[in-house]
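> Handing you this structure, nothing more for now.
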Amino acid sequence: MPVTTITTCPFDDQKPGTSGLRKKVKHFQQTHYLENFVQSIFASIGDVQGKTLVLGGDGRYYNKQAIQIILKMASANGFSRVLVGQNGILSTPAASVIIRKKQTFGGIILSASHNPGGPDEDFGIKYNTSNGGPAPEKITDAIYAKTKEISQYLISDNSSEIDLSQPGTHDLDGMTVEIIDSVHDYALLMHELFDFTAIRDMISQGFTLCFDAMHAVTGPYAVEILENQLGAAKGSVINGIPKEDFGGEHPDPNLVHAHHLAELMFSPQSPDFGAASDGDGDRNMIVGNNIFVTPSDSLAILTANAEHIPAYKGKILGVARSMPTSQASDQVAKKLGLDSYETPTGWKFFGNLMDADKVTLCGEESFGTGSSHIREKDGLWAVLFWLNILASRKESVADIVHKHWQEFGRNYYSRHDYEAIETKAANQVMANLREKVKNLSNTKIGSLTVSYSDDFCYTDPIDNSVSEHQGIRIGFTNGSRVIFRLSGTGTSGATLRIYYESYETNPDNMHQETQQALSELITLSVEVSDLKALTGRTEATVIT
Ligand code: G1P
Ligand code: ZN
């Protein structure tokens, strides 16, 4: 076999973050940079001889070039087969579906999620294991350890490129490369989970929707499922053709970045339902006519309404949310007698709970919702879950949300991001807070009394692994919370995230403007953290 062993030197910055390794494209294009990381993955996942790998990405700039390199390395390292999405396209949830369905050894997904794309923007790579979920920390730690000592990698010296544009089978030095339809298996699974007939009927009776694919990977998936299979009018999917630079925008489904959709949904021309997804298709934003549904509320509402979906009716084993996600789903779990779990930020922490049949639904405040149908969050799945509820309840999004608040209380919620802070200053903010919270219990801040404060540490109930320093929490006696965390996905400087939540059960107070309702928490958090003095910042960069 024409395998070449290339001598290389370690890079010192290949520690995977919240979701794989993300860097600027130019950083990835340095000689040996991508190859070192890929070889470190292959060296950390057990014997790969004769195994099958899934490979694809969100279509961003450098996706196709990286695929050609990884194919040559997979062949040289002994894989026998690689399933590649047509044109290199696989959404993160679709990759998870295929890994599980075809029972492959694992998969490599090329994505920097919602980060911008293009020659001067971001690229990313992550490894998913045979359960279809993100590699757990023990594997990402092993990968990182390898990157620090790597001295060589294996690559085929075959100079021909595999044609990714057509379904078909190719041979690469004895390894089979199968180019597969990117959408087919995913759409089939959605068909099994949801009542497509009910949704199609609702649409044929005049229900309207707009799905913003944000020039990213979900375009082909949404056109096939929403327009072709469910009969939504042509053009219901906007920005539906994946572009390498996402049209120069942030493919991040929130009211700030999905502003075309936001404007439409708050205008007199609003359709009945609006949604958006991110770069790699795992995030979702849900909007109704004149109402934005927070991701935390969305998780709670899906849990409370699972009985409307045949595949989930009576089958919810439990519900999990990441620590900074609002406690709205806890209220539902309590009432329905379901177990609820609080995990650190990042989808990888849900995997063990799902594999052990502890939870069915999971969610994060960062526009992520999903279930045990796969091991990733799933943007279009959440959209279909909502559409199925709407078809079954025959009420508007606003009515469903308002009734939910009446029944369970309203968790006002917002996240303030301070982006591209100097890393040293951001670390100082966290270090100071870490000291401060040791002595805050029972003290008063403004009109609020602290009930607990700590640096969140999680012990996985399945494998007992411990994850420390997962965010500073300050909880108050009235149920409000403020949480401080540094992002683990950014590529320049540090991003400080401050999460705010308050809980309201008085129906007269349920229709306040969110930032107004949280204003006392916002003021006190800026003071407690000495934000201005340490970072010079007075205003958040992005508020969601
Ligand atoms: C962010 C989100 C987190 C999500 C991750 C990957 O990570 O906050 O919930 O799992 O992206 O989509 P962070 O940048 O906060 O580390
Ligand atoms: Zn994503």
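> Going by Cα centres, the range 437-497 and the range 120-184 are how many Å apart?
Going from one Cα centre to the other spans 36 Å.
> Straight-line reach only, C-alpha to C-alpha below 17 angstrom: list the lysines that Lys403 could link to, leaving out same-chain residues fewer than 8 apart.
Lys335, Lys394
> Have a look at Val429, Val359, Gln406 and report the one farthest towards the positive end of the charge dipole of the range 325-433, computed about the Cα centre with Cβ charges (Lys/Arg +1, Asp/Glu -1).
Most positive-ward Cα: Gln406.
> Positive end of the dipole of the chain, charges at C-beta (+1 Lys, Arg; -1 Asp, Glu), about the Cα centre: which of Thr541, Ala382, Ser480 has its Cα farthest in that direction?
Result: Ser480.
> Hey, what do the phi angles of the range 311-321 turn into as Karplus ³J(HN,Hα) couplings, whole Hz, using 6.51/-1.76/1.60 and θ = phi - 60°, x for Gly and Pro?
Values per residue, Gly and Pro as x: 5, 10, 4, x, 10, 7, 7, x, 9, 10, 9 Hz.
> Do the sum for the chain: with -39,500 (n - 2.57) for every DSSP H run of n ≥ 4, divided by all residues, what is the mean residue ellipticity at 222 nm, to the nearest 500 deg cm²/dmol?
-9000 deg cm²/dmol
> Kindly rank 389-396, 335-342, 53-60, 370-377 from highest to lowest mean number of other beta carbons found within 10 Å of each residue. Mind showing how you got there, number by number?
Working: 389-396: 16.9, 335-342: 14.9, 53-60: 29.2, 370-377: 26.0.
Per-residue Cβ counts within 10 Å, averaged per peptide and sorted highest first, yield 53-60, 370-377, 389-396, 335-342.
> Where in the chain are the DSSP H helices whose C-alpha atoms run 15 Å or more along the long axis and whose mean Kyte hydropathy is at least 0.5? Can you show the working numbers first?
Details: long enough: 63-77 (21 Å, 0.13); 137-149 (18 Å, -0.95); 379-393 (21 Å, 1.29); 397-408 (16 Å, -0.35); 423-436 (20 Å, -0.84).
Span-like helices in the chain: 379-393.
> Further question on the same structure: Treat every Asp and Glu Cβ in the range 389-452 as -1 and every Lys and Arg Cβ as +1, leave all other atoms uncharged, and give the resulting dipole magnitude about the Cα centre to the nearest 20 debye. It would help to have the intermediate numbers written out before the result.
Values: 10 positive and 7 negative charges, 48 e Å.
Dipole about the Cα centre, nearest 20: 240 debye.
> To continue, here is another question. If you roll a 1.4 Å probe over the range 473-544 with all protein chains in place, what percent of the accessible area is carbon or sulfur? Intermediate values should be presented prior to the final figure.
Numbers: 1400 of 3170 Å².
Ligands and nucleic acids excluded, carbon and sulfur reach 44 percent.
> Shifting gears a bit: Among Ile180, Ser525, Pro119, flag the residue with its Cα farthest along the positive direction of the charge dipole of the chain, charges on Cβ as +1 for Lys/Arg and -1 for Asp/Glu.
So the residue we want is Ser525.
> Can you tell me the accessible area per residue over the chain, all protein chains present, probe 1.4 angstrom, in square angstrom?
Values: 20240 Å² over 544 residues.
The answer is 37 Å² per residue.
> Where a Cα-Cα gap under 25 Å defines reach, which lysines qualify for Lys101, not counting those fewer than 8 residues away within the same chain?
Correct list for Lys101: Lys51, Lys64, Lys72, Lys126, Lys138, Lys313, Lys315, Lys348, Lys358, Lys377.
> About the Cα centre of the range 387-539, how large is the charge dipole given +1 on each Lys and Arg Cβ and -1 on each Asp and Glu Cβ? Please answer in debye to the nearest 20.
Values: 16 positive and 20 negative charges, 21 e Å.
Magnitude of the dipole: close to 100 debye.
> Could you give the dipole magnitude of the chain about its Cα centre, charging the beta-carbon of Lys and Arg +1 and that of Asp and Glu -1, in debye to the nearest 20? Kindly include the intermediate steps, with their values, before the conclusion.
On the way: 46 positive and 65 negative charges, 150 e Å.
In total the dipole reaches around 720 debye.
The values are calculated or read from the model by the stated rules, or taken from the named source; none is laboratory data. Quick caveat: nothing in here was measured; it's all calculated off a predicted structure. Neighbour counts are summed over all protein chains in view; Cβ atoms, including those assigned to glycine, are modelled from backbone coordinates with ideal geometry. Protein only, heavy atoms only, side chains kept; ligands, DNA and RNA dropped before computing areas. Shrake-Rupley method; radii C 1.70, N 1.55, O 1.52, S 1.80 Å.
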